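Some notes on the structure that comes next.
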Amino acid sequence: MEAIIKVQNLKKSFKQYKKEPGLKGTLKGIFKRQFFEVNAVNDISFEIEPGEFVGFIGPNGAGKTTTLKMLSGILYPSSGEISVAGHIPQKRETQFLKSISLVMGQKSQLWWDLPAMDGFILNKEIYEVDDNDFKFLINELAELLEVKDLLKIPVRKLSLGQRMKCELMASLIHRPKVLFLDEPTIGLDIVVQKRIREFFNYYNQKSKTTVLLTSHYMEDVAELCKRVIIINHGSKIYDGTLEELTRKYANNKYLKLIFNRPVELADLAKFGEVIERDKDGLKGTISVSRESHTKVASGLLESLPVDDLDISEVELEDIVTKIFQER
């Protein structure tokens with residue numbers, strides 16, 4: 001199967017300048033500026049197959065949003081090659097624009113003072129969507145996202161979660177082949193985040209839309225993506241499955257414990273590295289090596305007043321944090 005997104009040796013740099021503080025620095029900057037170059041994206045390559053849901057993660061300033069903007073044709077690359085759905089994004093051809101959609105959690109495409117339905121109708125005309133397809137899709141998406149009663153209310157009167165759901169609907173009206181999601185759940189409460197993740201999962205499986213997701217919420221990535229691409233300082237440092245990532249970077253497992261009477265920190269630390277412990281000494285989590293976790297668990301049950309024991313993998317957030325700290 002041919003990849004729907006192809007990125008080869010992609011680079012993007014920006015020219016910036018330094019300015020000394022105060023009036024003197026301002027005047028000096030008018031006549032003589034100190035320029036320097038920032039490499040936002042530095043020689044990254046990857047391919048994504050049709051229907052894949054891929055997590056694109058990294059710290060702030062890593063180059064995630066810059067990459068998405070190049071893939072969607074908003075920014076021109078400094079060098080390298082990009083192909084999305086058989087098109088070169090920066091050419092911004094009509095057929096290309098009809099095959100993609102970009103959702104940015106901090107940007108809105110709907111008109112603030114108009115109902116969401118007006119924005120949907122505008123998108124329908126822009127993308128030349130058939131009337132019957134439009135009605136069917138609006139009804140389906142509104143039901144899935146639970147916003148049927150909100151479509152005729154001005155956008156400014158909606159909550160953040162309700163607005164985000166309507167933004168998602170607006171981005172899917174033309175049934176894009178490729179969907180770029182840049183922090184789609186930012187600022188939302190956990191209930192709305194979970195509902196939107198469920199929607200993404202269902203929609204991806206049903207429509208086979210290719211999705212590239214950036215998010216600082218590792219729950220989004222862990223629940224939705226089988227594959228992740230990690231970048232740092234504009235460079236790719238990992239591309240593979242979540243399972244491989246866990247195996248490669250997480251040599252430990254977490255033992256989460258609940259005790260029927262208080263346990264001292266020193267007694268708990270004998271069995272492994274204490275990750276957390278409540279002030280009453282009734283709960284604790286320790287990190288132990290994968291090879292010895294069953295033996296340690298057995299020792300804990302024999303030596304301490306354990307009421308409940310749960311063995312779990314190291315969380316994705318901890319793995320990613322460890323990778324960045326090592327680098």
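The values are calculated or read from the model by the stated rules, or taken from the named source; none is laboratory data. Source: prediction; values computed, not measured. We place every Cβ from the backbone using ideal geometry, glycine too, and count neighbours over all the protein chains shown. Quick note on the areas: whole protein, heavy atoms, side chains included, nothing else; ligands and nucleic acids left out. Shrake-Rupley method; radii C 1.70, N 1.55, O 1.52, S 1.80 Å.
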| request: With a 1.4 Å probe and every protein chain left in place, work out the accessible area per residue of region 210-250 in Å², rounded to a whole number. | output: 41 Å²
| task | Using packing as a proxy for protection, rank 12-19, 175-182 so that the peptide with the highest average count of other Cβ atoms within 10 Å comes first. | result | 175-182, 12-19
| request: Whenever you get a sec, compute what percent of the accessible area on the chain sits on carbon and sulfur atoms (1.4 Å probe). | output: 49 percent
| query | Per the Kirkwood treatment, what hydrodynamic radius in Å, one decimal, follows for region 173-267 from the mean inverse distance over all distinct Cα pairs? | reply | 16.3 Å
| task | Mind checking which lysines have their Cα closer than 27 Å to the Cα of Lys24? Skip sequence neighbours fewer than 8 apart in that chain. | result | Lys15, Lys32
| From the residues Gly86, Trp112, Ala142, which one has its Cα farthest along the dipole of region 62-150 in the positive direction, the dipole being from +1 and -1 charges on Cβ of Lys/Arg and Asp/Glu about the Cα centre? | Gly86
| request: Scan (1) 22.8; (2) 20.6; (3) 22.3 for the value of Kirkwood radius over Cα pairs in Å calculated from this model and give just the label. | output: (1)
| said: Under 23 Å between alpha carbons, and skipping anything fewer than 8 positions from Lys283 in its own chain: which lysines qualify? | reply: Lys253, Lys256, Lys270, Lys295
| field | Fully extended contour minus Cα-Cα distance, from Glu326 to Lys270, at 0.36 nm per residue | value | 17.5 nm
| field | Projected-area average for region 269-327 over all orientations - Cα convex hull basis, square nanometres | value | 4.9 nm²
| request: Using only alpha carbons, build the gyration tensor for region 18-134 and give me the equivalent ellipsoid semi-axes, biggest first, whole Å. | output: 36, 23, 14
| request: On a 0 to 90° scale, report how tilted helix 293-303 is relative to the longest principal axis of the chain, with both axes built from alpha carbons and the result rounded to the nearest 10. | output: 40 degrees
| query | Using the heavy atoms of the protein chains alone and a 1.4 angstrom probe, what is the accessible area of region 25-154 per residue in square angstrom? | reply | 56 Å²
| message | Could you compute how fast region 219-278 diffuses translationally, taking Rh as the Kirkwood radius over C-alpha pairs and applying Stokes-Einstein at 25 °C with viscosity 0.890 mPa s? Give it in µm² per second. | response | 166 µm²/s
| query | Any idea what the relative contact order of the chain is, in percent, if you count C-alpha pairs under 8 Å spaced at least 6 apart? | reply | 18 percent
| field | Coil-residue GluC sites (Glu not before Pro) of region 172-268, DSSP, other Cβ within 10 Å capped at 16 | value | Glu264
| query | So what's the angle, to the nearest 10 degrees on a 0 to 90 scale, between helix 22-31 and the longest Cα principal axis of the chain? | reply | 50 degrees
| note | Longest principal axis of the chain (C-alpha) makes with the long axis of helix 131-145 (C-alpha) an angle, in degrees to the nearest 10, of 20 degrees
| request: Could you list the GluC sites (Glu not before Pro) in region 96-177 that lie in coil according to DSSP, counting only those with at most 13 other Cβ atoms within 10 Å of their Cβ? | output: Glu128, Glu146
